[in-house]
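Chemist: Below is one structure. I have some questions about it.
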Amino acid sequence: MIKERAETAPVRISGDDDAALMQKISCGDSRAFEKLVHRHLPRSVRMAARITGSSAEAEDAVQEAFIRVWKHAAEWESPHTAGAQFSTWFYRIVLNLCIDHKRKRIFTPLEEISEPDDGRDNAEASLQRHELSERVRGAIDTLPDRQRAAFVLCFYEECSNKEAASILGVSVKALESLLVRARKSLHDKLLPEKQ
């Protein structure tokens, strides 16, 4: 009899998980919002910077995403009510904003212009690493938006294929197809110089 009650009892949300925080935020709780921002800010900024290629644009996109969380918290549906997990919902917002920012970009922001070498020991190795990093970043920047997003989520942010597919709003099979095309494109752009 006790076992039956446990199975039919509603799912309880702990006071500190994302779903509980979103419920509090929908009621205007700024401390819950601060806690949610603190929890998701580092990863979202990293992901956004890799997608946009600009730390300033990444910060703008993430700030806009958090503003949307604050304004639309009541519209989010908890996974306990058949909605998406907060992180999936939020990173999808960040991803879409990053793609929008990237499409609007007309000029190279000042912070993306590389600084001259500071003359430290082994400057040549540092320069070679920087050049390689820039080539890789440049190649990633040329990928179509969806391929770039899939690549960044899986390889830089270490999302599982299932999580990345959910963030992108595609099936796992479609995500894997995006990754295959992204890797082939990067291979073709980066390796011909070594052959």
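Chemist: Just to be sure before I move on: is F90 modelled with pLDDT of 80 or more, within 19 Å of A56 (Cβ to Cβ) and of a type in the set (F, W, Y) in the structure I sent? Explain how you work it out, then say what you get.
Modeler: Values: modelled with pLDDT of 80 or more: yes; within 19 Å of A56 (Cβ to Cβ): no; of a type in the set (F, W, Y): yes.
In short, no.
Chemist: Answer yes if at least one residue in segment 29-42 is outside any helix (DSSP H, G or I) and modelled with pLDDT of 90 or more, and no otherwise.
Modeler: yes
Chemist: Let me ask something else. Across segment 148-179, what is the total count of residues that are surrounded by fewer than 21 Cβ atoms within 10 Å (Cβ to Cβ), over 21 Å from K102 (Cβ atoms) and either acidic (D, E) or in contact (Cβ under 8 Å) with a residue 60 or more places away in the chain (or both)?
Modeler: Number satisfying all stated conditions: 3.
To keep it simple, each residue is scored yes or no on (1) touching a helix residue (DSSP H, G or I) at 6+ places or on another chain (Cβ under 8 Å); (2) at pLDDT 90 or above; (3) closer than 30 Å to L191 by Cβ.
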| position | (1), (2), (3) |
| --- | --- |
| R129 | no, no, yes |
| G138 | no, no, yes |
| A149 | yes, yes, yes |
| S177 | no, yes, yes |
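Chemist: Determine, yes or no, whether R148 is among the basic types (K, R) and closer than 15 Å to M47 by Cα.
Modeler: The answer is yes for R148.
Chemist: Kindly evaluate G83 against the criterion of being modelled with pLDDT under 80 and either of a type in the set (S, T, N, Q) or under 21 Å from S166 (Cα atoms) (or both).
Modeler: yes
Chemist: On the given criteria, is A48 modelled with pLDDT of 90 or more, closer than 16 Å to L95 by Cα and surrounded by 10 or more Cβ atoms within 10 Å (Cβ to Cβ)?
Modeler: yes
Residues checked against (1) polar (S, T, N, Q); (2) in contact with a Pro (Cβ under 7 Å, 6 or more places away or on another chain); (3) not in a helix (DSSP H, G or I):
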site	(1), (2), (3)
V136	no, no, no
I140	no, no, no
L143	no, no, yes
F155	no, no, no
E158	no, no, yes
S177	yes, no, no
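The values are calculated or read from the model by the stated rules, or taken from the named source; none is laboratory data. This is a predicted model, so every value here is computed, not measured. Here the Cβ is made from the backbone with ideal geometry for all residues, glycine too, and neighbour counts use every protein chain on show.
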